[in-house]
Amino acid sequence: MIDPHGPIGIFDSGLGGLSVLRAVRMLLPGEDIVYLADSGHAPYGERDDDFIADRSIAIGDWLLRQGAKALVVACNTATAQAVHLLRECTSVPVVGVEPGLKPAAMRSTSGVAGVLATAATLRSDKFRRLLAGYQAQCRFICQPGHGLVEAIERGETDSVELLALLERYLAPMLADGADTLVLGCTHYSFIDSAIRQVAGDRLTLIDTSAAIAQQLARLLTERSLLAPGSSSTSSHSSARTSLGSTGDGKQLQVVAHRLLGLEAVVGQLTISSRRTLPGDSMASA
Ligand code: DGL
């Protein structure tokens, strides 16, 4: 039996999933939430597939041990590599995120859209299948965002280095006629103004956070798992949002405060997994 009083468990490799947390809190203000940032092991996008699956399962398991009644994998990379494995481990609803190719194909008038995502997302079978499904409607220019997640985790949202990376990634898309850009990594929601600085209004940005929150609400409703007494229209809520990090949590706290007005203290955690055994000097290699 899944307890509808339990929290919603949300995780990401770092602070990127706060963009999804914000959408979930807006749609489901009566729900308790536990958010876990695996910042001690970010970025996932530069890791091998087994490492990403290993960390995702360990964190999913930790959230379930906190009593989570649903899991939201607020990370495109972890979704691509591990959402199916998480669904095999648990009977609670599991919601993942994937790059918004469908909305991009519908919005683009030039028929050319850029996709900025991690290298691990772009090489995954899940993404390749998604791409195959929309290629007839739109030409997608896929670009790995090497270095972007690291910069965002450091708190950079408009540094000279970040703008130079964006210039390098976006200029070829613009030159090739792209009028739409899929933000295929939840971290990238935090650099939308830097993207605008580089691309002006030439790119329509596609962010799927609101759609993820709606999908979660649908699943909770279908399974009668909405928090008893909660209502999406209630303006006053005593629901709690707890934040945890496997890193130092400083940046998570800053962004959670700026973005969500959350004063929450970030709990620092060690979550061991097969590839990150405590005391193993190769732990995060
Ligand atoms: N927010 C994660 C995503 O959506 C970032 C992955 C990473 O840590 O590289 O893919």
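The values are calculated or read from the model by the stated rules, or taken from the named source; none is laboratory data. All figures in this text were calculated on a predicted structure; none of them were measured in a lab. All Cβ positions, glycine included, derive from the backbone under ideal geometry; neighbour counts span all protein chains shown. Areas reflect the complete protein model, heavy atoms only, side chains present, ligands, DNA and RNA absent. Shrake-Rupley method; radii C 1.70, N 1.55, O 1.52, S 1.80 Å.
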Sites Met26 and Arg154, calculated FRET efficiency, Cβ-Cβ separation with R0 30 Å, nearest 0.05:
0.65
Grab the DSSP H runs of the chain that are 4 residues or longer, score each as -39,500 (n - 2.57), total them, divide by all residues and round the 222 nm result to the nearest 500 deg cm²/dmol.
-12500 deg cm²/dmol
So which trypsin sites (Lys or Arg not before Pro) in the range 137-188 are both in a DSSP loop and have at most 14 other Cβ atoms within 10 Å of their Cβ?
Arg154
Carbon/sulfur fraction of accessible area - the chain, other protein chains in place, 1.4 Å, %
51 percent
On a 1.4 Å probe surface of the protein chains, which of Thr241, Thr270 comes out largest in accessible area, and what is the full order?
Thr270, Thr241
Among Ala105, Cys142, Ala78, the residue whose Cα sits farthest towards the positive end of the charge dipole of the range 1-159 (+1 at Cβ of Lys and Arg, -1 at Cβ of Asp and Glu, taken about the Cα centre) is Ala105
For the chain, accessible area per residue (1.4 Å probe, heavy atoms of protein chains only), Å²:
44 Å²
For the range 123-234, taking Cα atoms only, what is the radius of gyration to one decimal and the Dmax to the nearest whole Å?
17.5, 53
Which order do the peptides 15-21, 94-100 come out in when sorted by mean C-beta neighbours inside 10 angstrom, highest first?
15-21, 94-100
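Would you work out if the range 1-98 is rounded, prolate or oblate? Take a ≥ b ≥ c from the square roots of the eigenvalues of the alpha-carbon gyration tensor; rounded if a/c is under 1.5, else prolate when a/b is larger than b/c, oblate otherwise.
Oblate, because a/c is 1.5 or more while a/b does not exceed b/c.
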Interchain or long-range residues, amide H under 5 Å from Gly249's placed H
none
Relative contact order of the chain: what whole-number percent is it, with Cα pairs under 8 angstrom and at least 6 residues apart?
28 percent
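Just subtract the alpha-carbon distance of Cys89 and Tyr134 from 0.36 nm times their residue separation and send over the number in nm, one decimal.
Using 0.36 nm per residue and subtracting the Cα-Cα distance, I get 13.2 nm.
What is the range 28-98's relative contact order, in percent, from Cα pairs under 8 angstrom and six or more apart in sequence?
31 percent
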Per the Cauchy relation, a quarter of the hull surface: what is the mean projected area of the convex hull of the alpha carbons in the chain, in nm²?
14.7 nm²
Cβ under 10 Å from Ala120's Cβ, Ala120 left aside: what net charge do those residues give with Lys, Arg +1 and Asp, Glu -1?
-1
Using a 1.4 Å probe and counting only protein heavy atoms, arrange Ser209, Ser91 so the residue with the most accessible area comes first.
Ser91, Ser209
With charges only on Cβ, +1 for K and R and -1 for D and E, what is the dipole size of the chain about its Cα centre, in debye, rounded to 20?
600 debye
